[in-house]
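Visitor: Below is a structure I'd like to ask you about.
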Amino acid sequence: MLDPAIQSFLDERKAARLKGKIKPSLLEEERQLIIDNANEEFLLDNWLPKAAKRAWQVSLLSHPSKFTHSSAKTSPIIAVGSTKNDGFLRTGNSGTTALDVSGNAASLDVYRFLNLTLNDNQTILEHLEAETEHIKTQFSLSSASYQNIKEGLLAIKPIESDEKITSERVKQVYFPVDDHYHLLSLLTPSGLMYKFKQQINEIRFSDEVKEARGAKKKEAYHEKGFDELYNLTGIGFGGANPQGVSLLNSQNGGVSYLLLSTPPELIPQKIRLPKTDFFNNSLYYKNYASSFESLDKLMGLDRNNIHIRHGIDNIIRFIINQVIEQSWKIRSADKNWTEKTALKLFQKTWLDNAYEEKRAEDDDWVNEVMTELARWIINSYKKVVGDKKAKFLADTELVKIKALISEQQEGLL
């Protein structure tokens with residue numbers, strides 16, 4: 001007696017054939033002729049020998065090359081990975097053994113047939129490989145010998161060979177090995193890829209997730225809740241002809257998923273904590289170039305009146321304010337950050353809130369800060385405009401600038 005799975009497969013194939021050929025406009029005689037031909041075609045005695053002759057047109061494999069290029073032809077590869085607790089994401093550790101089929105799309109039905117599970121919970125392919133008596137009985141035909149049927153159907157499996165054929169249409173990587181390179185052909189693990197898609201769909205669309213989403217919409221409590229996957233992208237293979245890539249691709253509508261795979265967006269640290277000297281490490285004179293250039297223009301004017309002197313003082317005050325603002329940014333860092341630095345004590349006292357009490361009790365450090373700040377302003381001005389063009393070079397200006405800084409001494413405390 002024919003196994004129910006085999007009979008159901010043939011009946012479904014016959015129904016699909018009749019659905020495509022029987023039209024309402026056909027005469028009864030034409031209609032009956034089509035039905036009779038389909039009944040003959042899908043008898044196991046007739047269908048199976050033809051299927052065995054077509055089996056070589058498709059290949060059972062784990063890494064189809066057509067995911068990269070529709071015209072790529074490579075040796076069919078079945079990669080079997082062992083499971084190992086090594087922490088790597090690879091086929092052997094994925095928990096999936098799903099294989100794929102690629103080749104002539106018109107012959108994919110042969111693999112579907114071989115993948116049928118019979119009433120003893122073994123597939124036809126497993127039976128053929130084990131040469132069981134059960135499959136010999138099922139394939140006892142008057143039209144062909146069991147041996148010819150078996151050999152024809154097993155042609156779907158790749159022949160073990162040391163020589164593998166690749167294609168210029170698949171992605172290639174030169175991998176360094178000792179003093180030379182190996183050329184690697186990168187192929188897509190379709191079973192792993194669509195197992196991944198299945199797990200994503202379970203996270204997004206399972207009945208439990210739908211229930212949890214419904215609870216959220218009603219603002220009701222749900223014991224387990226649900227997860228969201230953001231920035232998910234669909235990638236298509238095969239266009240309008242997904243079966244031309246592989247069987248698994250066809251079964252998934254030619255669409256797989258890509259998770260976001262960009263480097264994390266790090267928020268740049270706007271505060272540059274000094275290691276040896278605040279003025280050299282945290283202040284970049286070119287950031288103040290426009291102020292120093294304006295200062296130089298005013299100082300270069302032939303006139304010397306109160307308005308020009310006020311303009312010069314105001315530019316210096318503006319620079320002082322910017323430096324003070326930078327010092328307050330640095331103070332926002334965690335206490336004791338200066339412990340691992342080579343900063344002078346007065347700068348540690350000024351910039352590290354671990355010294356907050358010292359700042360209040362002793363203000364000797366303030367004079368040192370004002371002197372260093374005034375000296376930095378003079379040196380930065382000379383760097384911007386050049387030593388030869390600078391309008392003041394001596395320490396006489398140092399006293400004047402310190403006086404302007406002292407006006408804003410509270411900002412240093």
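Just so you know, all these numbers are worked out from the coordinates, no wet-lab data involved. It should be emphasised that the depicted structure is a prediction, and the values quoted were computed from it without experimental measurement. When we count neighbours, we look across all protein chains shown, and the Cβ atoms used for this are built from the backbone with ideal geometry, even at glycine.
Visitor: Which entry in (i) 5, 21, 29, 25, 15, 5, 1, 0; (ii) 4, 20, 27, 26, 18, 5, 0, 0; (iii) 4, 14, 15, 12, 9, 10, 10, 9, 7, 6, 3, 1 is this structure's computed P(r) over Cα pairs in 10 Å bins from 0, in percent?
Guide: Only one option fits the structure, namely (iii).
Visitor: Could you give the dipole magnitude of region 72-169 about its Cα centre, charging the beta-carbon of Lys and Arg +1 and that of Asp and Glu -1, in debye to the nearest 20? Present the calculation step by step, with values, prior to reporting the outcome.
Guide: On the way: 9 positive and 13 negative charges, 57 e Å.
With only Lys, Arg, Asp and Glu charged at Cβ, the dipole is about 280 debye.
Visitor: So what J values fall out for region 108-125 if you push phi through Karplus, 6.51 cos²θ - 1.76 cosθ + 1.60 with θ = phi - 60°, rounded to Hz, Gly and Pro as x?
Guide: Rounded to whole hertz, the list is 5, 5, 5, 5, 4, 5, 5, 8, 5, 8, 7, 5, 9, 6, 10, 7, 4, 4.
Visitor: Under a GNM of the chain (C-alpha, springs under 10 Å), which listed residue has the highest mean-square fluctuation: 277, 86, 36?
Guide: 277
Visitor: What do you get for trypsin sites (Lys or Arg not before Pro) in region 354-394 restricted to DSSP loop and a cutoff of at most 13 other Cβ within 10 Å of the site's Cβ? Present the calculation step by step, with values, prior to reporting the outcome.
Guide: Working: sites: 358, 359, 375, 382, 383, 388, 389, 391; in loops: 388, 389, 391.
Listed in order of number, the matching sites are 388, 389.
Visitor: Another question about this same structure. Springs between alpha-carbon atoms under 10 Å, Gaussian network over the chain: tell me which of 22, 135, 319 tops the mean-square fluctuations.
Guide: 319
Visitor: What is the set of long-range amide H partners of residue 123 at a cut-off below 5 Å, with H atoms built 1.01 Å from backbone N?
Guide: Those qualifying (amide H under 5 Å, at least 5 residues apart or on another chain) are 118.
Visitor: Using helices alone, I'd like the mean residue ellipticity at 222 nm for the chain: each DSSP H run of four-plus residues gives -39500 (n - 2.57), total over residue count, nearest 500. Don't skip to the end; give the middle numbers.
Guide: On the way: 17 runs with 191 residues, N = 413.
Mean residue ellipticity at 222 nm (helix-derived): -14000 deg cm²/dmol.
Visitor: A further question follows. Under a point-charge model restricted to the Cβ atoms of Lys and Arg (+1) and Asp and Glu (-1), what is the dipole moment magnitude of region 183-241 relative to its Cα centre, in debye to the nearest 20? Can you show the working numbers first?
Guide: Working: 9 positive and 8 negative charges, 28 e Å.
Its charge dipole is roughly 140 debye.
Visitor: Give the dimensionless ratio obtained when the Cα radius of gyration of region 1-136 is divided by 2.2 N^0.38 Å. Before the final figure, lay out the partial values.
Guide: Values: Rg = 19.3 Å, N = 136, 2.2 N^0.38 = 14.2 Å.
Relative to the rule-of-thumb radius for its length, region 1-136 sits at 1.36.
Visitor: A further question follows. Over region 264-306, what per residue volume does the convex hull of the Cα atoms give, in whole Å³? Write out the running numbers ahead of the final one.
Guide: Working: hull volume 5.2 nm³, N = 43.
So the per-residue Cα hull volume is 122 Å³.
Visitor: For region 347-374 and region 271-336, what is the centre-to-centre distance using only Cα atoms, to the nearest Å?
Guide: 18
Visitor: Going by amide H atoms built from the backbone, whose H comes under 5 Å of the H on residue 171, apart from near neighbours?
Guide: 186
Visitor: In degrees, nearest 10, range 0 to 90: what is the angle between the Cα axis of helix 364-385 and the longest Cα principal axis of the chain?
Guide: Around 70 degrees separate the two axes.
Visitor: Can you bin region 278-411 into rounded, prolate or oblate? Criterion: square roots of the alpha carbon gyration tensor eigenvalues sorted a ≥ b ≥ c, rounded for a/c under 1.5, prolate for a/b above b/c, oblate for the rest.
Guide: Judged from the Cα gyration tensor, region 278-411 comes out prolate (a/c at least 1.5, a/b above b/c).
Visitor: Over the chain, what relative contact order in percent results from Cα pairs under 8 Å that are six or more residues apart? Intermediate results must be reported in sequence, preceding the final value.
Guide: Details: 473 pairs, mean separation 54.1, N = 413.
Normalised by residue count, the contact order of the chain is 13 percent.
Visitor: While we're looking at this one, here's another question. Report, ordered by chain and residue number, the lysines lying within cross-link reach of residue 358, taken as a straight Cα distance under 24 Å and ignoring same-chain residues fewer than 8 apart.
Guide: List returned: 275, 329, 335, 340, 344, 348, 402.
Visitor: HN-Hα J couplings of region 301-312 from phi, Karplus 6.51/-1.76/1.60, θ = phi - 60°, integer Hz, Gly and Pro as x?
Guide: Calculated HN-Hα couplings, in order: 6, 5, 6, 9, 10, 5, 5, 5, 5, 5, x, 4 Hz.
Visitor: Hey, which lysines would be in cross-link range of residue 21, C-alpha to C-alpha under 22 Å, not counting anything within fewer than 8 residues on its own chain?
Guide: Cross-link targets: 50.
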